[in-house]
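Here the structure is laid out as C-alpha coordinates; the discussion comes afterwards.
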Amino acid sequence: MTTIAFIGLGNMGNPMAANLVKSGYDVLGFDLVEDNLKTAGANGVKVVGDAASAVATADVVVTMLPAGKHVVSVYNDVVAKAKPGTLFIDSSTIDVDSARQAHAIAAENGMLSVDAPVSGGTVGAQAGTLTFMAGGAKDAFEKAEPILERMGKRSVHCGDAGAGQAAKICNNMILGVSMIAAAEAFVLGEKLGLSHQALFDVASTSSGQCWAITTNCPVPGPVPTSPANREYKPGFAAALMLKDLKLAQEAAGSAGAETPLGAQAAELYSRFEALGHGGEDFSGIINFLRSDTEKTTA
Ligand code: NAD
(Lines give C-alpha, C1' and ligand atoms only; values in the text may rest on other atoms or scores of the structure.)
Protein backbone atom coordinates (compact mmCIF):
# COMPACT_ATOMS: atom_id res chain seq x y z
CA MET A 1 0.00 0.00 0.00
CA THR A 2 1.26 3.53 -0.79
CA THR A 3 2.25 5.42 2.35
CA ILE A 4 1.75 9.19 2.33
CA ALA A 5 3.31 11.59 4.85
CA PHE A 6 1.19 14.72 5.32
CA ILE A 7 2.87 17.71 6.97
CA GLY A 8 0.71 20.74 7.86
CA LEU A 9 -2.74 19.67 9.05
CA GLY A 10 -4.51 23.04 9.28
CA ASN A 11 -7.75 24.27 7.72
CA MET A 12 -6.79 22.84 4.33
CA GLY A 13 -4.38 20.03 5.20
CA ASN A 14 -6.67 18.16 7.58
CA PRO A 15 -9.61 17.66 5.16
CA MET A 16 -7.17 16.87 2.32
CA ALA A 17 -5.43 14.21 4.45
CA ALA A 18 -8.85 12.84 5.46
CA ASN A 19 -9.74 12.36 1.78
CA LEU A 20 -6.51 10.41 1.24
CA VAL A 21 -7.40 8.14 4.18
CA LYS A 22 -10.89 7.63 2.70
CA SER A 23 -9.24 6.62 -0.59
CA GLY A 24 -7.40 3.81 1.19
CA TYR A 25 -3.92 5.32 1.57
CA ASP A 26 -1.88 4.81 4.70
CA VAL A 27 -1.42 8.43 5.88
CA LEU A 28 1.15 9.50 8.48
CA GLY A 29 0.57 13.07 9.68
CA PHE A 30 2.45 15.79 11.54
CA ASP A 31 1.62 19.35 12.59
CA LEU A 32 2.91 21.69 15.29
CA VAL A 33 -0.58 22.27 16.75
CA GLU A 34 -1.96 19.63 19.14
CA ASP A 35 -5.64 20.29 18.28
CA ASN A 36 -4.93 19.76 14.58
CA LEU A 37 -3.26 16.42 15.39
CA LYS A 38 -6.35 15.37 17.38
CA THR A 39 -8.60 16.16 14.42
CA ALA A 40 -6.26 14.27 12.10
CA GLY A 41 -6.26 11.23 14.42
CA ALA A 42 -10.07 11.26 14.52
CA ASN A 43 -10.03 11.26 10.68
CA GLY A 44 -7.88 8.12 10.55
CA VAL A 45 -4.46 9.76 10.02
CA LYS A 46 -1.65 8.03 11.93
CA VAL A 47 -0.18 10.88 13.95
CA VAL A 48 3.60 10.84 14.46
CA GLY A 49 5.87 12.89 16.75
CA ASP A 50 7.87 14.82 14.14
CA ALA A 51 8.07 15.48 10.41
CA ALA A 52 11.18 13.31 9.90
CA SER A 53 9.38 10.22 11.31
CA ALA A 54 6.47 10.83 8.94
CA VAL A 55 8.78 11.04 5.93
CA ALA A 56 11.15 8.15 6.65
CA THR A 57 8.85 5.36 5.45
CA ALA A 58 6.73 7.37 3.00
CA ASP A 59 6.44 6.91 -0.77
CA VAL A 60 4.88 10.37 -1.15
CA VAL A 61 5.17 13.49 1.04
CA VAL A 62 2.50 16.23 0.88
CA THR A 63 3.09 19.60 2.56
CA MET A 64 0.34 22.18 3.22
CA LEU A 65 2.06 24.98 5.11
CA PRO A 66 1.51 28.74 5.57
CA ALA A 67 4.36 30.32 3.56
CA GLY A 68 7.61 29.80 1.60
CA LYS A 69 9.88 29.99 4.66
CA HIS A 70 7.98 27.10 6.30
CA VAL A 71 8.19 24.94 3.18
CA VAL A 72 11.93 25.53 2.65
CA SER A 73 12.63 24.92 6.34
CA VAL A 74 10.65 21.63 6.37
CA TYR A 75 12.32 20.50 3.11
CA ASN A 76 15.78 21.31 4.59
CA ASP A 77 14.89 19.25 7.67
CA VAL A 78 13.31 16.18 6.09
CA VAL A 79 14.09 15.64 2.40
CA ALA A 80 17.44 13.93 3.05
CA LYS A 81 15.67 11.53 5.45
CA ALA A 82 13.27 10.17 2.81
CA LYS A 83 13.79 7.06 0.68
CA PRO A 84 15.50 7.90 -2.65
CA GLY A 85 12.94 8.62 -5.36
CA THR A 86 10.21 9.72 -2.91
CA LEU A 87 7.72 12.13 -4.49
CA PHE A 88 7.36 15.51 -2.72
CA ILE A 89 4.15 17.46 -3.41
CA ASP A 90 3.91 20.97 -1.95
CA SER A 91 0.33 22.29 -2.10
CA SER A 92 0.91 25.44 -0.03
CA THR A 93 0.53 28.82 -1.75
CA ILE A 94 4.05 30.27 -1.64
CA ASP A 95 6.37 32.58 -3.57
CA VAL A 96 7.81 31.24 -6.81
CA ASP A 97 11.44 31.60 -5.63
CA SER A 98 10.84 29.47 -2.51
CA ALA A 99 8.98 26.89 -4.62
CA ARG A 100 12.01 26.60 -6.93
CA GLN A 101 14.30 26.35 -3.89
CA ALA A 102 12.17 23.47 -2.55
CA HIS A 103 12.40 21.69 -5.95
CA ALA A 104 16.21 22.17 -5.89
CA ILE A 105 16.50 20.63 -2.40
CA ALA A 106 14.45 17.65 -3.59
CA ALA A 107 16.51 17.20 -6.77
CA GLU A 108 19.85 17.43 -4.91
CA ASN A 109 18.69 14.52 -2.74
CA GLY A 110 17.46 12.35 -5.61
CA MET A 111 13.73 12.97 -5.03
CA LEU A 112 10.86 13.80 -7.38
CA SER A 113 8.97 17.04 -6.72
CA VAL A 114 5.87 18.96 -7.74
CA ASP A 115 4.58 22.36 -6.64
CA ALA A 116 0.80 21.97 -6.67
CA PRO A 117 -1.07 24.88 -5.07
CA VAL A 118 -4.84 24.68 -4.99
CA SER A 119 -7.93 26.66 -5.75
CA GLY A 120 -11.23 25.83 -4.06
CA GLY A 121 -10.71 26.74 -0.41
CA THR A 122 -11.75 24.76 2.65
CA VAL A 123 -15.09 23.80 1.09
CA GLY A 124 -13.27 22.26 -1.89
CA ALA A 125 -10.74 20.59 0.44
CA GLN A 126 -13.57 18.92 2.37
CA ALA A 127 -15.55 17.91 -0.71
CA GLY A 128 -12.45 16.71 -2.59
CA THR A 129 -13.17 19.13 -5.43
CA LEU A 130 -9.97 21.22 -5.40
CA THR A 131 -8.22 22.30 -8.59
CA PHE A 132 -4.45 21.74 -8.53
CA MET A 133 -2.05 23.85 -10.61
CA ALA A 134 1.17 21.89 -10.88
CA GLY A 135 4.78 22.63 -11.75
CA GLY A 136 7.66 20.19 -12.10
CA ALA A 137 9.03 17.48 -14.36
CA LYS A 138 6.51 15.46 -16.39
CA ASP A 139 7.35 12.14 -14.67
CA ALA A 140 6.88 13.72 -11.24
CA PHE A 141 3.51 15.18 -12.29
CA GLU A 142 2.36 11.85 -13.73
CA LYS A 143 3.21 10.14 -10.44
CA ALA A 144 1.43 12.89 -8.47
CA GLU A 145 -1.74 12.95 -10.59
CA PRO A 146 -3.55 9.91 -9.08
CA ILE A 147 -2.93 11.29 -5.58
CA LEU A 148 -4.08 14.81 -6.52
CA GLU A 149 -7.20 13.22 -8.04
CA ARG A 150 -8.15 11.86 -4.60
CA MET A 151 -8.15 15.40 -3.16
CA GLY A 152 -9.50 17.33 -6.13
CA LYS A 153 -11.49 17.19 -9.33
CA ARG A 154 -8.89 18.60 -11.70
CA SER A 155 -5.12 19.01 -11.98
CA VAL A 156 -3.34 21.02 -14.64
CA HIS A 157 0.35 20.58 -15.41
CA CYS A 158 1.44 24.20 -15.97
CA GLY A 159 5.14 23.65 -16.70
CA ASP A 160 8.46 23.25 -14.91
CA ALA A 161 9.41 23.95 -11.28
CA GLY A 162 7.41 26.86 -9.86
CA ALA A 163 4.89 27.00 -12.75
CA GLY A 164 2.02 25.89 -10.47
CA GLN A 165 2.69 28.77 -8.07
CA ALA A 166 3.06 31.17 -11.02
CA ALA A 167 -0.35 30.11 -12.38
CA LYS A 168 -1.96 30.39 -8.95
CA ILE A 169 -0.79 33.96 -8.27
CA CYS A 170 -1.58 35.13 -11.83
CA ASN A 171 -5.10 33.70 -11.50
CA ASN A 172 -5.63 35.26 -8.09
CA MET A 173 -4.31 38.63 -9.29
CA ILE A 174 -7.06 38.54 -11.97
CA LEU A 175 -9.56 37.66 -9.24
CA GLY A 176 -8.48 40.45 -6.86
CA VAL A 177 -8.52 43.08 -9.61
CA SER A 178 -11.83 41.88 -11.05
CA MET A 179 -13.52 41.85 -7.62
CA ILE A 180 -12.51 45.47 -7.09
CA ALA A 181 -13.75 46.36 -10.59
CA ALA A 182 -17.08 44.60 -9.94
CA ALA A 183 -17.45 46.29 -6.53
CA GLU A 184 -16.66 49.72 -7.99
CA ALA A 185 -19.28 49.18 -10.69
CA PHE A 186 -21.98 48.29 -8.11
CA VAL A 187 -21.06 51.37 -6.04
CA LEU A 188 -21.18 53.61 -9.14
CA GLY A 189 -24.49 51.99 -10.15
CA GLU A 190 -25.94 52.81 -6.70
CA LYS A 191 -24.95 56.48 -7.14
CA LEU A 192 -26.60 56.47 -10.58
CA GLY A 193 -29.82 55.01 -9.21
CA LEU A 194 -29.33 51.57 -10.78
CA SER A 195 -30.67 48.58 -8.81
CA HIS A 196 -28.22 45.80 -7.93
CA GLN A 197 -30.41 43.30 -9.78
CA ALA A 198 -30.51 45.40 -12.97
CA LEU A 199 -26.72 45.79 -13.07
CA PHE A 200 -26.30 42.08 -12.30
CA ASP A 201 -28.73 41.05 -15.04
CA VAL A 202 -26.78 43.11 -17.57
CA ALA A 203 -23.18 42.52 -16.42
CA SER A 204 -23.62 38.78 -15.81
CA THR A 205 -24.63 38.27 -19.44
CA SER A 206 -22.50 41.00 -21.10
CA SER A 207 -18.83 41.76 -21.63
CA GLY A 208 -18.35 42.66 -17.93
CA GLN A 209 -19.14 39.04 -16.98
CA CYS A 210 -16.66 37.47 -14.54
CA TRP A 211 -16.58 35.04 -11.56
CA ALA A 212 -16.56 38.00 -9.14
CA ILE A 213 -20.03 38.89 -10.44
CA THR A 214 -21.65 35.59 -11.41
CA THR A 215 -20.51 33.46 -8.43
CA ASN A 216 -19.19 35.75 -5.68
CA CYS A 217 -21.36 38.80 -6.35
CA PRO A 218 -20.30 41.54 -3.86
CA VAL A 219 -23.86 42.76 -3.16
CA PRO A 220 -26.59 40.71 -1.47
CA GLY A 221 -29.49 39.49 -3.58
CA PRO A 222 -28.58 38.54 -7.15
CA VAL A 223 -26.52 35.41 -6.27
CA PRO A 224 -28.08 33.87 -3.12
CA THR A 225 -25.00 31.74 -2.32
CA SER A 226 -22.48 34.61 -2.43
CA PRO A 227 -20.89 35.68 0.91
CA ALA A 228 -22.55 39.13 0.62
CA ASN A 229 -25.78 37.39 1.70
CA ARG A 230 -24.25 36.22 5.00
CA GLU A 231 -22.55 39.43 6.11
CA TYR A 232 -19.40 38.63 4.11
CA LYS A 233 -18.50 35.51 6.11
CA PRO A 234 -15.86 33.77 3.94
CA GLY A 235 -15.66 32.18 1.39
CA PHE A 236 -12.19 33.36 0.62
CA ALA A 237 -10.86 35.63 3.35
CA ALA A 238 -9.55 39.08 2.42
CA ALA A 239 -6.31 38.29 4.31
CA LEU A 240 -5.65 35.32 1.99
CA MET A 241 -6.42 37.47 -1.06
CA LEU A 242 -3.93 40.03 0.24
CA LYS A 243 -1.33 37.29 0.74
CA ASP A 244 -1.72 36.17 -2.89
CA LEU A 245 -1.67 39.75 -4.24
CA LYS A 246 1.57 40.39 -2.32
CA LEU A 247 3.06 37.19 -3.76
CA ALA A 248 2.08 38.40 -7.24
CA GLN A 249 3.78 41.75 -6.58
CA GLU A 250 6.95 40.01 -5.33
CA ALA A 251 6.98 37.85 -8.45
CA ALA A 252 6.31 40.84 -10.72
CA GLY A 253 9.22 42.67 -9.08
CA SER A 254 11.67 39.81 -9.53
CA ALA A 255 10.48 39.02 -13.09
CA GLY A 256 10.41 42.71 -14.17
CA ALA A 257 6.70 42.66 -15.14
CA GLU A 258 4.52 45.79 -15.03
CA THR A 259 1.33 45.07 -13.04
CA PRO A 260 -0.10 48.48 -12.09
CA LEU A 261 -3.62 47.19 -11.41
CA GLY A 262 -2.26 44.26 -9.40
CA ALA A 263 -0.22 46.75 -7.33
CA GLN A 264 -3.28 48.92 -6.76
CA ALA A 265 -5.36 45.89 -5.74
CA ALA A 266 -2.66 44.87 -3.21
CA GLU A 267 -2.67 48.41 -1.81
CA LEU A 268 -6.48 48.51 -1.46
CA TYR A 269 -6.63 45.08 0.22
CA SER A 270 -3.78 46.16 2.60
CA ARG A 271 -5.86 49.14 3.68
CA PHE A 272 -8.98 46.96 3.99
CA GLU A 273 -7.08 44.48 6.19
CA ALA A 274 -5.50 47.24 8.30
CA LEU A 275 -9.04 48.37 9.20
CA GLY A 276 -9.66 44.93 10.74
CA HIS A 277 -11.50 43.24 7.84
CA GLY A 278 -8.95 40.50 7.02
CA GLY A 279 -11.30 37.77 8.26
CA GLU A 280 -14.17 38.84 5.98
CA ASP A 281 -14.75 37.49 2.51
CA PHE A 282 -12.69 39.46 -0.02
CA SER A 283 -15.91 40.69 -1.68
CA GLY A 284 -16.46 42.81 1.49
CA ILE A 285 -14.03 45.28 -0.12
CA ILE A 286 -17.21 46.83 -1.59
CA ASN A 287 -18.08 48.31 1.82
CA PHE A 288 -14.62 49.86 2.07
CA LEU A 289 -14.91 51.27 -1.47
CA ARG A 290 -18.40 52.59 -0.75
CA SER A 291 -17.27 54.41 2.39
CA ASP A 292 -14.15 55.71 0.59
CA THR A 293 -16.34 57.06 -2.21
CA GLU A 294 -18.60 58.71 0.36
CA LYS A 295 -15.59 60.35 2.02
CA THR A 296 -14.20 61.71 -1.22
CA THR A 297 -17.55 62.98 -2.52
CA ALA A 298 -18.69 64.54 0.82
P1 NAD B 1 -3.44 26.89 8.35
O2 NAD B 1 -2.69 27.96 9.06
O3 NAD B 1 -4.79 26.50 8.83
O4 NAD B 1 -2.55 25.54 8.29
C5 NAD B 1 -1.16 25.53 8.18
C6 NAD B 1 -0.64 24.49 9.17
O7 NAD B 1 0.75 24.32 9.00
C8 NAD B 1 -0.89 24.87 10.63
O9 NAD B 1 -1.70 23.88 11.23
C10 NAD B 1 0.52 24.92 11.23
O11 NAD B 1 0.57 24.48 12.56
C12 NAD B 1 1.27 23.99 10.30
N13 NAD B 1 2.71 24.18 10.33
C14 NAD B 1 3.44 25.33 10.23
N15 NAD B 1 4.77 25.05 10.27
C16 NAD B 1 4.87 23.70 10.41
C17 NAD B 1 5.97 22.80 10.52
N18 NAD B 1 7.23 23.24 10.52
N19 NAD B 1 5.72 21.48 10.63
C20 NAD B 1 4.43 21.03 10.64
N21 NAD B 1 3.35 21.82 10.55
C22 NAD B 1 3.57 23.15 10.43
O23 NAD B 1 -3.50 27.34 6.82
P24 NAD B 1 -4.46 26.76 5.66
O25 NAD B 1 -5.66 27.61 5.56
O26 NAD B 1 -4.59 25.29 5.85
O27 NAD B 1 -3.57 27.07 4.37
C28 NAD B 1 -2.43 26.29 4.03
C29 NAD B 1 -1.90 26.79 2.70
O30 NAD B 1 -2.93 26.67 1.71
C31 NAD B 1 -1.48 28.26 2.72
O32 NAD B 1 -0.32 28.40 1.95
C33 NAD B 1 -2.68 28.98 2.10
O34 NAD B 1 -2.32 30.20 1.47
C35 NAD B 1 -3.14 27.95 1.09
N36 NAD B 1 -4.56 28.06 0.71
C37 NAD B 1 -5.51 28.23 1.67
C38 NAD B 1 -6.84 28.33 1.28
C39 NAD B 1 -7.94 28.52 2.31
O40 NAD B 1 -9.08 28.82 1.90
N41 NAD B 1 -7.66 28.35 3.60
C42 NAD B 1 -7.19 28.25 -0.08
C43 NAD B 1 -6.19 28.02 -1.04
C44 NAD B 1 -4.87 27.92 -0.61
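The values are calculated or read from the model by the stated rules, or taken from the named source; none is laboratory data. What you see is a predicted model; the values in this text were computed from it and never measured. Don't worry about glycine lacking a Cβ; one is built from the backbone with ideal geometry, like all the others, and counts go over all protein chains shown. Remember, those area values only see protein heavy atoms, side chains included, never the ligands or the DNA or RNA. Shrake-Rupley method; radii C 1.70, N 1.55, O 1.52, S 1.80 Å.
Observations on the model:
- Each residue in the stretch 25-50 was checked for being touching a Gly at 6+ places or on another chain (Cβ under 9 Å) and either outside any loop (DSSP other than H, G, I, E, B) or among the basic types (Lys, Arg) (or both), and 9 pass.
- Residue 65 open to solvent by 20 Å² or more (accessible area, probe 1.4 Å), within 16 Å of the ligand (Cβ to nearest atom) and assigned by TED's automatic domain parsing to the domain that holds residue 143: yes
- Residue 21 vs. criteria open to solvent by 20 Å² or more (accessible area, probe 1.4 Å), over 30 Å from residue 253 (Cβ atoms), out of contact with any helix residue (DSSP H, G or I) (no Cβ under 8 Å at 6 or more places or on another chain) and within 11 Å of the ligand (Cβ to nearest atom): no
- Residue in the stretch 246-291 that is farthest from residue 11 (Cα to Cα), counting only those that are of a type in the set (Ser, Thr, Tyr) and surrounded by fewer than 19 Cβ atoms within 10 Å (Cβ to Cβ): 291
- Just one of the listed residues (15, 66) is within 18 Å of residue 151 (Cα to Cα) and either assigned to a loop (DSSP other than H, G, I, E, B) or in contact (Cβ under 8 Å) with a residue 40 or more places away in the chain (or both), namely 15.
- Qualifying residue in the stretch 4-15 (condition: open to solvent by 20 Å² or more (accessible area, probe 1.4 Å) and more than 19 Å from the chain's Cα centre (by Cα)): no
- Considering 262, 221, 235, the condition of being of a type outside the set (Phe, Trp, Tyr), assigned to a loop (DSSP other than H, G, I, E, B) and in contact (Cβ under 8 Å) with a residue 60 or more places away in the chain is satisfied by 235 alone.
- Once the stretch 172-195 is narrowed to residues that are part of a loop (DSSP other than H, G, I, E, B) and among the aliphatic types (A, V, I, L, M), the residue that is surrounded by the fewest Cβ atoms within 10 Å (Cβ to Cβ) is 192.
- Subset of the stretch 76-127 that is open to solvent by less than 40 Å² (accessible area, probe 1.4 Å) and on the phi > 0 side of the Ramachandran plot - its residue that is nearest to the ligand (Cβ to nearest atom): 121
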